[in-house]
Amino acid sequence: MPLRIVRGLLRGATRGVLTGKKGNKQFYKGRGVRPPGYHTRKGGYKIVEKKVPEFIVPDLTGFELKPYVSYKAPKVEEPPMTAERLLEMVKENIHLVKFRETP
């Protein structure tokens, strides 16, 4: 028994990050997401509209493409990227880059 204490003092304590996997089965760490509201003094819960996530989804009626890509689709083969090819691509699209003058 005393040997274990001495061995523990020599090794040092494990002070790593406490994750959900390192705690017992009652320990719930969560994912770091902020709650969308707050608890009131009387036991209620108020939701703050600014904290509620709003998902903006475009209207896809009449859209031809599907979210599935078939394995029968043809493979697109491109030559490997080289310095010369990269320079040519930059020269072709240099007008798209917005420059800012620096004094």
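The values are calculated or read from the model by the stated rules, or taken from the named source; none is laboratory data. Computed from a predicted structure; not experimentally measured. Positions of Cβ are generated from backbone atoms using ideal geometry, with glycine treated the same way; all protein chains shown enter the neighbour counts. In case anyone asks, the SASA skips ligands and DNA or RNA and just uses the protein heavy atoms, side chains included. Shrake-Rupley method; radii C 1.70, N 1.55, O 1.52, S 1.80 Å.
What the table below lists for this structure:
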item: Near pairs, Cβ below 9 angstrom, 6+ apart or cross-chain, from the range 6-35 (within 26 Å of residue 51 (Cα to Cα) and open to solvent by less than 100 Å² (accessible area, probe 1.4 Å)) to any residue that is among the basic types (Lys, Arg) and modelled with pLDDT of 80 or more; result: 35/51
item: Residues that are under 30 Å from residue 35 (Cβ atoms) and open to solvent by less than 100 Å² (accessible area, probe 1.4 Å), drawn from the range 50-103; result: 52, 53, 58
item: Residue satisfying condition, being touching a His at 6+ places or on another chain (Cβ under 9 Å) and charged (D, E, K, R), within set 42, 72, 46, 66; result: 46
item: Residue within the range 36-49 that is part of a loop (DSSP other than H, G, I, E, B), aliphatic (A, V, I, L, M) and surrounded by fewer than 10 Cβ atoms within 10 Å (Cβ to Cβ) present; result: no
